[in-house]
Amino acid sequence: MYGRHGRGDVQWDHSNSEALLRWSAAHGVPVGGVEMGNEKEELLDPTDYAGDVLYMRKLLDELWDDPEDRPLLIGPDENPRPDWLLAYLQAGGNVSDVITYHLYPGYGLDPHLKQEILEPGWLDFTRVVAGEIQRVQVEAAPSTALWVGETAAAWHSGEHGIADAYESGFWFIDQLGTLATMGHKVMCRQCFVGGNYTMVGVNDGFVPRPDYWTGLLFKKLMGSIVLGITQTEPAKQSYMQLLRGYAHCTPAPHNYNGSVTFAYLNLDHDTKFKINITGSNPDKTHFSLQGERVEYFLTADLLDSETVMLNHNLLKLEGDTVPDVLGLGKWVSADEGLVVPARSYGFIMWPNAGAQACR
């Protein structure tokens, strides 16, 4: 936002932005979205910022008549400030298509980060912060999409051997699963290439890090329909706080007969967990995830490993080609119980679960 430097400063000089957008529209250049600013919540008055967004809304509507071609209006991409966000939305910012904010549970220079990531309480930071932002969105802009516009396990460029290593996957799967249950449509990872939270190596020929493979599997196996899931009541068995899971309908083209995929993370260093899952359909009938399944267990010998194994197969590029990761899944018969390895994460897909919501 050129010309915007702080509260009470000069008005936004939008001439450069407007010229670029007018040229793009006139020449048929596809523009996916226009994001207004970055982390300006401590510098700009929310009412002033809302005025700038209203101006951009009118400009985009003028330049792109067809809503299908019109760029998304995105913002404010703030650090989490529910009070500032509410004031901005109430002042007119709710005309945007997408609300974005940044979410970093950890700090890259924290000497205890390696231990903290594996603590359930540390992982719960996501739910607390996302819940505060979601409540504001529901109150002031319920029809506006909610995105995390920037995230990693830790800010300040992350920490080498953690944010770019196998350990980061525990946070990655947990936050993807958590946000999906809380009305978030998109989670933008910081970053694909660069810093200690990179998903692809910078100085080694762009070798994919573990989170690249984890994100790829999540995308291929976890669809957009989210299923509610809870552990058995403690009255029936002990609550396992070190085991977490999220269930989605399996996306096309792998959604066969009500297919369901379960993403899990086992934070326990020594304990394998046996898992049994049953489900309820809207018509009160039940479906059972006890039949034939496909397992995708992601493991590594060390938490700081920059590589990851999928069912004991090292994941790596085949020349310049990404391998068929789904082809590495392990088919398991219904009579073999589901046991997830200690200190691991991954996915289990039941192709014939029969879940009505997934048909």
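The values are calculated or read from the model by the stated rules, or taken from the named source; none is laboratory data. Since we're looking at a predicted model, the values are computed, not measured. We place every Cβ from the backbone using ideal geometry, glycine too, and count neighbours over all the protein chains shown. Surface accessibility is based on the protein's heavy atoms, side chains included, excluding ligands, DNA and RNA. Shrake-Rupley method; radii C 1.70, N 1.55, O 1.52, S 1.80 Å.
Worth a mention:
- Residue in the stretch 148-156 that is more than 19 Å from Asp211 (Cα to Cα) and touching a strand residue (DSSP E or B) at 6+ places or on another chain (Cβ under 9 Å) present: no
- Residue that is surrounded by the fewest Cβ atoms within 10 Å (Cβ to Cβ), among those in the stretch 284-298 that are in a strand (DSSP E or B) and without any contact (Cβ under 8 Å) to a residue 60 or more places away in the chain: His286
- Checking Met240, Met199, Met187 one by one, the residue that is of a type in the set (A, V, I, L, M), under 30 Å from Ser305 (Cα atoms) and in contact with a Cys (Cβ under 9 Å, 6 or more places away or on another chain) is Met199 and no other.
- Residue that is most open to solvent (accessible area, probe 1.4 Å), among those in the stretch 200-222 that are among the aliphatic types (A, V, I, L, M) and without any contact (Cβ under 8 Å) to a residue 24 or more places away in the chain: Val202
- Some residue of the stretch 202-213 being part of a loop (DSSP other than H, G, I, E, B), at positive phi and of a type in the set (A, V, I, L, M, F, W, C): yes
- Considering residues of the stretch 304-316 that are over 23 Å from Phe262 (Cβ atoms) and outside any strand (DSSP E or B) only, the residue most open to solvent (accessible area, probe 1.4 Å): Lys316
- Wholly within the stretch 317-358, strands (runs of 3 or more DSSP E) carrying at least 1 residues that are open to solvent by 40 Å² or more (accessible area, probe 1.4 Å): 330-332, 338-340
- Options Leu103, Leu113, Leu72, Leu21; residue that is open to solvent by less than 20 Å² (accessible area, probe 1.4 Å), within 21 Å of Val186 (Cα to Cα) and aliphatic (A, V, I, L, M): Leu103
- Residues located in the stretch 254-275, provided they are open to solvent by 80 Å² or more (accessible area, probe 1.4 Å) and at pLDDT below 90: Tyr256
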